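Enquirer: Below: one structure in structure tokens.
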Amino acid sequence: MHPIIKIYSGDSISGLSATIFASYFLFHKNTGLVFIHAFIPIIQIYLMLNGPNPDVLCPMEPHRNLVFLKNQITNPNIIVGEYTYYADFTDANNFERNVLYHFDFVGDKLIIGNFCAIASGVKFIMNGANHETAPISTFPFAVFGNGWEKIINGANLIGKFPYKGDTIIGNDVWIGYDATIMPGVKIGNGAVIATKAIVTKDVPDYTIVGGNPACIIRKRFNDHQIARLLNIAWWNWSAEKITANLKFINSADIDALENAAR
Ligand SMILES: CC(C)(COP(=O)(O)OP(=O)(O)OC[C@H]1O[C@@H](n2cnc3c(N)ncnc32)[C@H](O)[C@@H]1OP(=O)(O)O)[C@@H](O)C(=O)NCCC(=O)NCCS
């Protein structure tokens, strides 16, 4: 019997921890064959772990219905920060299909910060969705040309339609199942968007909104606390600093987090 020591590491543990396995190989004296007898974990070595690798698409393998979103985006007008994840019951590999009416000739951007959680069914309606509502007809005649473009008198076609700017989602925002974010909406840091909310207006920092149209359900902290949290901005810290202070980030103790930030 010849014990062989091997060290295994993988993406999910970022090569930062390793289990040492003893592999027992048995030699069969009649046939001359060698059999693997057992893999026995004999020691688990923990080095400094600083959370998952944000550059990995599926950080919870084998669960592939959750992705670190920035690693999947191909559209230059969609910008996603570190650790922000998207979970989808059917296909987490196709987030961009939820960013609707997003035309490159309009040029509007969807910008999402760090550490956001985006649930299945969340949709972003972009500026390309909007028709004019002031004229008698909302029908977009000019886009069809063939003589109908004369109603814009040679002006830029895009300028004819309502434009509400980029959609901007802050950091540490949780967007619940099937919520819809309308064009140009700005969602503050630490906000929560309730299940099936239709968000038509900007959402202040650390505020929970829900309903259609989404209204404020409650603030998560008072104004003074929110100002302190925005000043701390833990979501911009290094992975090492976040790891070292997780117990404060995952608490409601703002004093402790403020001390850690210094
Ligand atoms: C918004 C949410 C976080 C509130 O949770 P909570 O703090 O426990 O609040 P409560 O359940 O006590 O409800 C507080 C109020 O919000 C209302 N509310 C809760 N969820 C709502 C929703 N989706 N839409 C509209 N109003 C909602 C409640 O009716 C209640 O109203 P009231 O104060 O008039 O009685 C939660 O309801 C929610 O929507 N979570 C998202 C879940 C999700 O989609 N997860 C996806 C996977 S990550």
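The values are calculated or read from the model by the stated rules, or taken from the named source; none is laboratory data. Predicted, not measured: the structure shown is a model, and the values here were computed from it. Methodologically, a virtual Cβ is constructed for each residue, glycine included, from the backbone with ideal geometry; neighbour enumeration extends over all protein chains shown.
Enquirer: Of all residues in the stretch 89-122, count the ones that are outside any loop (DSSP other than H, G, I, E, B) and more than 16 Å from the ligand (Cβ to nearest atom).
Expert: 6
Enquirer: Only one of (1) free of Cβ contacts under 8 Å to residues at least 12 places away in the same chain; (2) in a strand (DSSP E or B); (3) among the aliphatic types (A, V, I, L, M) fails for Ile208. Which number is that?
Expert: (1)
Enquirer: Another question about this same structure. Can you say whether Ile151 is exposed (fewer than 13 other Cβ atoms within 10 Å of the Cβ) and in contact with a helix residue (DSSP H, G or I) (Cβ under 7 Å, 6 or more places away or on another chain), as far as the supplied structure shows?
Expert: Judged against the criteria, Ile151 is a match.
Enquirer: Would you point out which residue out of Pro135, Pro59 is outside the structural domain of Val192 (by TED's automatic domain parsing), assigned to a loop (DSSP other than H, G, I, E, B) and either buried (at least 19 other Cβ atoms within 10 Å of the Cβ) or without any contact (Cβ under 8 Å) to a residue 40 or more places away in the chain (or both)?
Expert: Answer to the check: Pro59.
So that you can scan it fast, the table gives a plain yes or no per residue for (1) surrounded by 16 or more Cβ atoms within 10 Å (Cβ to Cβ); (2) within 11 Å of the ligand (Cβ to nearest atom); (3) in a loop (DSSP other than H, G, I, E, B):
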| position | (1), (2), (3) |
| --- | --- |
| Asp172 | yes, no, yes |
| Arg218 | no, yes, no |
| Phe221 | yes, no, yes |
| His224 | no, no, no |
| Leu230 | no, no, no |
| Lys247 | no, no, no |
| Ser251 | no, no, yes |
| Ala260 | yes, no, no |
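Enquirer: From the list Val122, Val143, which residue is farther than 30 Å from Tyr177 by Cα and surrounded by 13 or more Cβ atoms within 10 Å (Cβ to Cβ)?
Expert: The unique qualifying residue is Val143.
Enquirer: Let me ask something else. Kindly indicate which of Ile73, Ile168 is within 25 Å of Ser238 (Cα to Cα), in contact with a strand residue (DSSP E or B) (Cβ under 9 Å, 6 or more places away or on another chain) and touching a residue at least 24 places away in the same chain (Cβ under 8 Å).
Expert: Ile168
Enquirer: What number of residues within the stretch 174-203 satisfy the criterion of being within 11 Å of the ligand (Cβ to nearest atom), surrounded by fewer than 23 Cβ atoms within 10 Å (Cβ to Cβ) and under 18 Å from Asn98 (Cβ atoms)?
Expert: Qualifying residue count for the region: 8.
Enquirer: Moving to a separate point now. Residue under question is Tyr206, and the condition is that it be in contact with a Leu (Cβ under 7 Å, 6 or more places away or on another chain) and within 16 Å of the ligand (Cβ to nearest atom); does it hold?
Expert: Yes: the conditions hold for Tyr206.
Enquirer: Right, another one. Checking Asn236 against (1) surrounded by fewer than 19 Cβ atoms within 10 Å (Cβ to Cβ); (2) without any contact (Cβ under 8 Å) to a residue 60 or more places away in the chain; (3) away from the ligand (no atom under 11 Å from the Cβ): exactly one of these is not met. Which one?
Expert: (2) is the only condition that Asn236 fails.
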